[in-house]
1. If you wrap a convex hull around the C-alpha atoms of the range 58-216 and split its volume per residue, what is the figure in Å³?
2. Among TYR165, TYR207, TYR290, whose mean-square fluctuation peaks in a Gaussian network model of the chain (Cα, cutoff 10 Å)?
3. Length gain on complete extension for the stretch ARG133 to ASN64, per 0.36 nm per residue less the alpha carbon to alpha carbon distance?
4. Quick one: PHE67, PHE16, fewest Cβ neighbours within 10 Å first, how do they rank?
5. Summing -39500 (n - 2.57) over the DSSP H runs of n ≥ 4 in the chain and dividing by its residue number, what mean residue ellipticity at 222 nm do you reach, to the nearest 500 deg cm²/dmol?
6. Taking the Cβ-Cβ separation of ILE288 and PHE126 as r and a Förster radius of 41 Å, what is the calculated FRET efficiency to the nearest 0.05?
7. Rounded to whole Å and sorted largest first, what semi-axes of the equivalent ellipsoid does the C-alpha gyration tensor of the range 89-164 yield via the square root of 5 times each eigenvalue?
8. If you look at just the Cα atoms of the range 16-296, how large are its Rg and its Dmax in Å?
Amino acid sequence: MKPLLYLFKRKKAQNFQPVVLVTGCSSGIGLALAKLLYEHTEYRVVVTAREKSLDKVRNYFLDNERFIVRPLDVTSEADRIRLYNEIKKIWGGVDILINNAGVSYRSVVEHMTEKDEELQMATNYFGPMGMIRLALPHMRDTGRGKIINISSVSGMLAMPTMASYSASKYALEGASEALWYETRPFGVTITLVQPGFIHSNSFRNVYHTELSDPTRNWSGPYSDFYKNMTPFVERMMNLSLTTPEKIAKQVVKVMKKENPPLWHPATLDAVLFYYFRRLLPRRVLLPILYWLLPNAKNWSKDYSHRRR
Ligand SMILES: NC(=O)c1ccc[n+]([C@@H]2O[C@H](COP(=O)([O-])OP(=O)(O)OC[C@H]3O[C@@H](n4cnc5c(N)ncnc54)[C@H](OP(=O)(O)O)[C@@H]3O)[C@@H](O)[C@H]2O)c1
């Protein structure tokens, strides 16, 4: 009897064609992942983009019986609910949720406004949390599911001019860690894919605030931060050997693992920082990172009233 049951179970598992939902597929990692999943016929796939980028994504993919392109602005609750209801209607729900959409502000804390902070958090934290809340009931009901949140090295350590971005990824990391416990009894796994620097043009997509905007020619107390951090990040991205396509492949590997880990550092620098952070006390790590920043000890000297 037992072998028969095993065969029956195996057959059922083979017939299972998980429904994958990926957010933010108009460029970078999301687009690379969408292209990869277009070829992976073992999945039913929903790739999404904001209305403004939808035509671009539709130029790459034709809807078919297992692959569809849909609009989604992750910051809009109405959008999230409408999309999820449609998926529920056609395919029953989402089995693998990939929260990839994200934006990154480049600004010192003093130059952020409340509105800027809200948009940063709405995209990188509230949006993914909203998607998770929608997807979880189906995953619990079916006793399986995977949530993959694209985080960042910025969710492990923070750098100047990236405070708000880091805060959003730290928030995502914190909630994901709690979710690891909360989803465990139901057969649902959660993974934080943590890329570091990626060889891509994504730095062109960074958001600036009114005061951090490069077209203002950066002057004042924080100008050295912008003048040094912007080219530094671009340089590191250009030097990186990891492309969005390589990250996409790693995401697919995570999708295929029965028990993926909570943390998946996805680039060489991410692996190094992952261990540095764990092995070195913070009070040692911070001065090392400070020293690695280009000429940081001389930044803002002309504006400093620091008392000795
Ligand atoms: N590039 C890196 O070095 C790096 C490093 C670590 C982590 N990451 C993370 O990796 C993820 C993907 O980034 P990427 O490098 O591929 O950047 P990207 O090329 O700028 O892609 C970001 C995607 O998110 C979408 N998006 C932005 N706001 C959205 C919203 N409100 N609703 C729906 N989609 C939205 C963008 O679509 P639109 O066309 O609509 O703007 C775009 O498709 C992000 O979570 C990012 O934080 C990137």
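Values quoted throughout were computed directly from the atomic coordinates according to the rules given, and no laboratory measurement underlies them. Here the structure is a predicted model, which means the values were calculated and not measured. Cβ placement follows ideal geometry from the backbone for every residue including glycine, while neighbour counts extend to all protein chains displayed.
1. 132 Å³
2. Fluctuation is largest for TYR290.
3. Difference between extended and current length: 22.1 nm.
4. Final ranking by Cβ density, sparse to dense: PHE16, PHE67.
5. Counting only the DSSP helices, I get -15500 deg cm²/dmol.
6. 0.75
7. Equivalent ellipsoid of the range 89-164: 31, 13, 8 Å, largest first.
8. Expressed in Å, the Cα Rg and Dmax of the range 16-296 come to 18.9, 59.
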